[in-house]
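The values are calculated or read from the model by the stated rules, or taken from the named source; none is laboratory data. Here the structure is a predicted model, which means the values were calculated and not measured. Every residue, glycine among them, receives a Cβ derived from its backbone with ideal geometry; neighbour counts consider all protein chains shown. Accessible surface is based on the protein model in full, side chains and every heavy atom, while ligands, DNA and RNA are left aside. Shrake-Rupley method; radii C 1.70, N 1.55, O 1.52, S 1.80 Å.
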Amino acid sequence: MNLIVAVDENWAIGNKNDLLIRIPADHKFFRQETTGKIVVLGRKTLETFPQGLPLKNRINIVMSTNKDYQVKDAVVVHDLEGLFEAVKGYDTKEVYVVGGESIYRQLLPYCDTAHVTKIDHAYEADAFFPNLDEMPEWRVTADSEEQTYFDITYHFLKYERIT
């Protein structure tokens with residue numbers, strides 16, 4: 001499976017249930033990577049999407065511990081076993097974990113590729129992604145040219161699990 005995330009220099013991903021910054025090129029990259037694929041996300045992440053609706057042109061799998069939780073046009077699972085059952089039969093290269101913090105942490109051990117937009121700035125934050133630079137099993141295998149959005153610089157990085 002893949003992960004896709006935007007992080008600041010402290011590996012922060014959000015604050016008060018919202019993104020730290022909205023960078024159009026990052027959103028475009030996200031759309032290019034995930035359209036036509038399967039996205040796995042938590043309920044709180046879904047609620048941050050426009051109108052709280054699943055992403056179009058993707059299979060949305062929402063993880064929630066609430067057994068009564070349902071959402072139109074999405075598959076709801078309640079645990080890892082349910083998730084793995086839902087993605088059975090799909091190529092794992094087509095599955096993208098898109099957040100939030102608890103979903104990333106639960107699924108990181110099952111992922112082998114991470115697409116990270118690394119923003120050269122520190123934001124006030126209350127949600128974080130595990131720091132892949134401190135994990136010996138993860139290596140940067142691709143790095144874009146430096147990008148800019150107003151006065152913010154960032155890079156698109158690809159990390160791969162070294163087995």
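Screening Thr153 with (1) among the polar types (S, T, N, Q); (2) farther than 19 Å from Ala25 by Cα; (3) touching a residue at least 24 places away in the same chain (Cβ under 8 Å) gives one miss only, at (2).
Would you confirm, using the coordinates I've provided, whether Gly82 is in contact with a helix residue (DSSP H, G or I) (Cβ under 8 Å, 6 or more places away or on another chain), open to solvent by less than 80 Å² (accessible area, probe 1.4 Å) and either at positive phi or free of Cβ contacts under 8 Å to residues at least 24 places away in the same chain (or both)? The answer is no for Gly82.
Pairs meeting the criteria (first residue in segment 119-138 and surrounded by 11 or more Cβ atoms within 10 Å (Cβ to Cβ), second residue among the basic types (Lys, Arg), beta carbons under 7 Å, at least 6 apart or on different chains) are Asp126/Lys16; Pro130/Arg105; Glu137/Arg161; Trp138/Arg161.
Residues considered: Ala142, Ala114. Of these, the only one that is open to solvent by less than 70 Å² (accessible area, probe 1.4 Å), in a strand (DSSP E or B), hydrophobic (A, V, I, L, M, F, W, C) and under 25 Å from Leu55 (Cα atoms) is Ala114. Return yes or no: is Asn10 in contact with a Lys or Arg (Cβ under 9 Å, 6 or more places away or on another chain) and either open to solvent by 30 Å² or more (accessible area, probe 1.4 Å) or at pLDDT 95 or above (or both)? The answer is no for Asn10.
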